[in-house]
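First comes the structure, then the notes that go with it.
The values are calculated or read from the model by the stated rules, or taken from the named source; none is laboratory data. Note that the structure is predicted; figures quoted are calculated from it, not measured. Here Cβ is always computed from backbone atoms with ideal geometry, including for glycine, and neighbour counts include all displayed protein chains.
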Amino acid sequence: MRILLLGNIAGFAAALIQARDAMQFAPQFAQLAAVLEPVLLLSLVSLYALSKWLARLRYGLGIAVVMLLVAAWTALALSFGTVVGEELTPFAVARAWILCALLSAFLIAYFYWRRRAFSPALTDARLQALQARIRPHFLFNSLNAVLSLIRSDPKRAETALEDLAELFRVLMQDNRRLTTLADELALCRQYLNLEQLRLGERLQVEWDVQAMPGDALVPQLLLQPLVENAIYHGIEPGLEPGTVLIRIARDRDQVRLLLANPYHPDHHHRAGNRMALANIRERLALHFDVEASLATEVVGDKFEIRMVLPYRRQE
């Protein structure tokens, strides 16, 4: 999508520069598009087909192969124009080659600098910083739940401490890596066990995970902050018992997640909710770029979070 968008913007700019007046712009852009669009689409298809092979080449050699592919598709597009009866002057041929070469160089430079901007060191540092935002109130709530049980129910307190120890273990891991959805869901259940001790019957959880792909890879601590938000903003402000719905299913090459909780419009702690959602969005972007999305919506008396992830699993 980025290549198509940037390529067409470049073609628009080139037509705008070459046209002498508004009347010439449309035919000028159409003439450029007749070569540009086939070259863009054919290049994308061939790059996708050869992506695994290209990934094994040295960077400089890979760039050379890409430029040769673009040159070949440009020659084919020009030859097709000749076949259908369009007369091409040597100047028009040279212009097409130069424009495609310049556009290819620009796109390669764009992706190179984008890769540098999301270099491993920077990404790791940002993920660690984002992860650090989750820990304080997450551990604070868990410890309070355990402390409330130490005298009244030592057995349950012991079980809760075991769950808390497991949560600590996950927090101490290298959270820059992805984990399986099954492990993430198990961690989420342990967190909910701790919250159940604190909230009792006020917290009801409805699970709909029969169609969940347990081997799907997701960022660690992806669900727990969302569930914590659902409890803080949906269960705690209400006087009556409330239900948190967690639905996860696979849809072809995607994983779809729905989390719903009661909505209280008079609850005034939305700033923390926005920060947590922004946190999750940025982590998804760092791991999956535009392949993942997160959207929120108020449906009646429910606040819903809908997340879409690419279905990836460990090879």
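Summary of values
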quantity: Number of the condition not met by PHE91 [criteria: (1) surrounded by 15 or more Cβ atoms within 10 Å (Cβ to Cβ); (2) over 26 Å from ASP289 (Cα atoms)]; calculated: (1)
quantity: Flag if LEU286 is under 16 Å from the mean Cα position of the chain (by Cα) and either at pLDDT 85 or above or within 22 Å of TRP207 (Cα to Cα) (or both); calculated: no
quantity: Single match in LEU245, LEU257 (criterion: closer than 22 Å to LEU199 by Cβ, modelled with pLDDT of 90 or more, surrounded by 15 or more Cβ atoms within 10 Å (Cβ to Cβ) and of a type outside the set (Gly, Ala, Ser)); calculated: LEU245
quantity: Residue match in the stretch 230-242 (condition: in contact with a helix residue (DSSP H, G or I) (Cβ under 9 Å, 6 or more places away or on another chain) and closer than 20 Å to ALA182 by Cβ); calculated: no
quantity: Hey, ALA71 outside the structural domain of VAL290 (by TED's automatic domain parsing) and free of Cβ contacts under 8 Å to residues at least 24 places away in the same chain or not; calculated: no
